[in-house]
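The structure appears below as structure tokens.
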Amino acid sequence: MKLAFSTLGVPGLPIQDVLELALAHGYHGVELRAHPEEPVHPGLGAAERADVASRFKEAGVDVLGVAGYARVAAPGADGPVLDEIRELLSLARDLGAPYVRVFPGGAPDGGTEPDPEGIADPESLAGADEIAARRLGTAAEDAADAGVRILLETHDSHRTGAAAARVLGPVGHRNAGALWDVMHTWLGGEQIADSYAALSPFLGYVQVKDIASAEDTTPLALGAGVLPLAECVELLTRKGWDGWLCWEYEKRWYEQAAPLPELLGQGRELLTRLLTESA
């Protein structure tokens, strides 16, 4: 497996500094948070995109994915959501990134308010499932043209593997897949083996992280919290999965968290050790 980290952990850091961190600490790739407050976002012009792609190529570091904020199950018209996804696909194509991340953002029972805690029962989200599948089915055709896969993250209204699979199964398109956020499936009460079983037909890559508890999700150094990272890595290895592990450290949302740069080396060492022990 290859290792990456997300720029969510280093908010606003210039791309050259991000690359230097990756090289200094032995990471093979970077997931780029695609938000207007970051150096890389869909508003970049062609020259700026080419410069970013060139910097990554020269450094020998992969752009793993473009982490967008489109919500494919959100109430409302399809058009704006699909337009947002197309902008992310264009950015990913220009940067040479294989993946675009999207969120569910579904509302129960056809309501207008999303379910950020992922506690609604599946029946109440049937309408949101249908909306998300329809949009992803359409967007997957654009993704195929761009040579990119759209990955639905296990998050908010669809935080478990089973919930994501309810959407992705009906889509049935290779260019629509899943991004497994290990924290959210755990918070949803799903066992690692069950998450993998649900997501494996669709899996793009895996986001790892660590937290103190279900009540305190402030990001911690990998291995310092309660998430079943060793179990996850062992299962992925046993199943022969050889994709990416990406450390998503949510510094942007938790100012009190320790700076990510001082944790990157330790995190890479832990993941490398877990991979070695599970081999």
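The values are calculated or read from the model by the stated rules, or taken from the named source; none is laboratory data. Keep in mind the model is a prediction, meaning the values are calculated, not measured. Note: ideal-geometry Cβ built from the backbone for every residue, glycine included; neighbour counts use all protein chains shown. Accessible surface areas use protein heavy atoms only, side chains included; no ligands, DNA or RNA. Shrake-Rupley method; radii C 1.70, N 1.55, O 1.52, S 1.80 Å.
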Modelled FRET efficiency - R0 30 Å, residue 230 with residue 24, Cβ distances, 0.05 increments: 0.75
Cut-off under 5 Å, modelled amide H: who pairs with residue 149 long-range: 99, 100
Of all DSSP beta bridges in the range 2-278, antiparallel share, percent nearest 5: 5 percent
FRET efficiency for residue 255 and residue 17, using Cβ-Cβ distance with R0 set to 25 Å, rounded to 0.05: 0.85
Packing-based order for 244-254, 266-276, using average beta carbon neighbours within 10 Å, highest first: 244-254, 266-276
Cβ-placed point charges (K, R +1; D, E -1), dipole of the range 2-278 about Cα centre in debye, nearest 20: 800 debye
Residue-averaged 222 nm ellipticity for the chain, from DSSP H runs of 4+ at -39500 (n - 2.57), nearest 500: -13000 deg cm²/dmol
Built amide H within the under 5 Å cut-off of residue 225, gap 5+: 211
Highest to lowest packing among 63-73, 9-19, scored as the average C-beta count within 10 Å: 63-73, 9-19
Count of Lys pairs (Cα-Cα under 22 Å; at least 8 positions apart or interchain) in the range 2-278: 5
Label point distance in nm, residue 279-residue 130, each placed 7 Å from Cα along Cα→Cβ: 5.0 nm
Long-range HN-HN contacts of residue 64 with modeled amide H, under 5 Å: 30, 31, 32
Mean Cα-pair separation over length for the chain, i.e. relative contact order, pairs under 8 Å, 6 or more apart, %: 18 percent
Tensor-based shape of the range 15-138 (alpha-carbon gyration tensor, a/c under 1.5 rounded, otherwise prolate or oblate): prolate
Label point at residue 200 placed 7 Å out along Cα→Cβ; residues across the range 225-244 whose backbone nitrogen lies under 20 Å: 228-244
Carbon plus sulfur fraction of accessible area for the range 65-205, probe 1.4 Å, in percent: 50 percent
Two-site label geometry, residue 46 and residue 216: point separation in nm, points 7 Å out along Cα→Cβ: 5.2 nm
Global form of the range 12-52, assessed from the alpha-carbon gyration tensor, a/c cut-off 1.5: prolate
Å² of accessible area per residue within the range 2-278, as computed with a 1.4 Å probe and no ligands counted: 40 Å²
Net dipole in debye of the range 57-144 [+1 Lys, Arg Cβ; -1 Asp, Glu Cβ; about Cα centre; nearest 20]: 380 debye
Vicinal HN-Hα couplings computed from phi for the range 96-113 (Karplus, 6.51 cos²θ - 1.76 cosθ + 1.60; Hz; Gly/Pro x): x, 8, x, 9, 10, 8, 10, 9, x, x, x, 10, x, 6, x, x, 9, 9
With every protein chain in place, the range 2-57: carbon and sulfur % of accessible area (1.4 Å): 58 percent
